[in-house]
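S.K.: This is the structure I want to talk about, given as structure tokens.
The values are calculated or read from the model by the stated rules, or taken from the named source; none is laboratory data. The structure presented is a predicted model; accordingly, all values stated were derived computationally and were not measured. Backbone-built Cβ (ideal geometry, glycine too); neighbour counts: all protein chains shown.
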Amino acid sequence: MPPTPPLTAAITLTPLLILLFFTIPAASWRPWPLNTNHSSTDSLFGDSKKYEGSSQFVKMRYHMGPILTANITIYPIWYGAWRRSQKHIIRDFINSISAADSKPPSVAAWWKTVQLYTDQTGANTSRTVRIGAEKNDRLYSHGKSLTRLSVQSVIKSAVAASTRRLPINPKSGVYLLLTSDDVYVQDFCNNVCGFHYFTFPSIVGYTLPYAWVGNSAKLCPGVCAYPFAVPDYIPGLKAVKTPNDDVGVDAMISVIAHELAEVATNPFVNAWYAGQDPVFPVEIADLCEGIYGTGGGGSYTGQMLNDVDGATYNMNGIRRRFLVQWVWNNLLKYCAGPNALDQ
């Protein structure tokens, strides 16, 4: 569950909504509950060792808003200093979502749970996720410290650029802002590692689903790069080895997965979420916060896999391995992933 609630979805802004936005952020995520105040969903986790988070008390409901049923196009915005190798890791993950022929357990099999969600016409979340045009902002055009509103200004710059501007795609596009390890975004490291929302026409000119994910390698790996890094206040806890030799980017993969799953099923914060109050939505990945394998829950990741070099992962992509958080299966009422031990 997000540490702070988002606004109710709206297409136009009033002065009151503008005021509220400064105090109520978009849906956000952290890898696991890092303090004694565990996620409110901890109390929902059952004793099942097969499927984590199993509970009949979770009421994930559809609130009649649109989901992304057309082929989804991800438009990465590389903000700051990015190495080519880092971009390759992230691109490989996104391209793996629709790669049905990947070796099991696969990223594509993980996305099948996201595909189960439907809109009011019965259409499922798109099975196809691809990378579209990309934009580089190597000069930190909006500085190295971004607010939630300036995040939208970065997107505005990308879609309104004089050269190589990103296309406007409000129906099936997701604008993925990725900030390098020397960029701070409002609330980053304060139990927030990524968030998704939609852009305001008053800022961007269009209502577009977007997500932000930051590289925490320098700023707060113990908060946002778990289990590849561990917090200092937990003595004896050992970090695991990354599958792609990059703590910050390997950790970003699971946050990207989390946000893409939620933006696909709840792009305007009026589609799929649990809870009675739309101001406090608990989305399909929030219910599985920190669960990567069988037995997961609370601050335990669950059982993961190790390759011959000792690197930890739980899913295969087209060319690489990744560690990706599970998501909520609303038909079966539990968190599920392709690496469950009895699958």
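S.K.: Could you say whether any residue in the stretch 266-274 is hydroxyl-bearing (Ser, Thr, Tyr), within 24 Å of residue 92 (Cα to Cα) and within 17 Å of the chain's Cα centre (by Cα)?
M.R.: Checked the stretch 266-274: no residue is hydroxyl-bearing (Ser, Thr, Tyr), within 24 Å of residue 92 (Cα to Cα) and within 17 Å of the chain's Cα centre (by Cα).
S.K.: Now for a separate question. For the structure I just gave you, tell me whether residue 78 is hydrophobic (A, V, I, L, M, F, W, C) and at pLDDT 60 or above.
M.R.: yes
S.K.: Could I ask something else about it? Taking residue 218 as the residue in question, decide whether it is farther than 23 Å from residue 304 by Cβ, assigned to a loop (DSSP other than H, G, I, E, B) and charged (D, E, K, R).
M.R.: yes
S.K.: A further question on this structure: Is there any pair with a first residue in the stretch 111-137 that is surrounded by fewer than 20 Cβ atoms within 10 Å (Cβ to Cβ) and of a type in the set (Val, Ile, Thr) and a second that is modelled with pLDDT of 95 or more and assigned to a loop (DSSP other than H, G, I, E, B) whose Cβ atoms are under 7 Å apart and which are 6 or more apart or on different chains, and what are they?
M.R.: Note: pairs meeting the criteria are 128/71; 128/98.
S.K.: Can residue 81 be described as free of Cβ contacts under 8 Å to residues at least 12 places away in the same chain, of a type in the set (Gly, Ala, Ser) and part of a loop (DSSP other than H, G, I, E, B)?
M.R.: no
S.K.: Under 7 Å between Cβ atoms, which residue pairs at least 6 apart in sequence (or on different chains) link something in the stretch 191-210 that is more than 14 Å from residue 174 (Cβ to Cβ) and at pLDDT 95 or above with a partner that is of a type in the set (Val, Ile, Thr) and in a loop (DSSP other than H, G, I, E, B)?
M.R.: Within 7 Å, the pairs are 201/12; 201/207.
S.K.: Here is a further query. State the number of residues belonging to the stretch 89-145 that are assigned to a helix (DSSP H, G or I) and of a type in the set (Lys, Arg).
M.R.: 2
S.K.: Residues in the stretch 296-314: is at least one crowded, with 24+ Cβ neighbours inside 10 Å and within 23 Å of residue 181 (Cβ to Cβ)?
M.R.: yes
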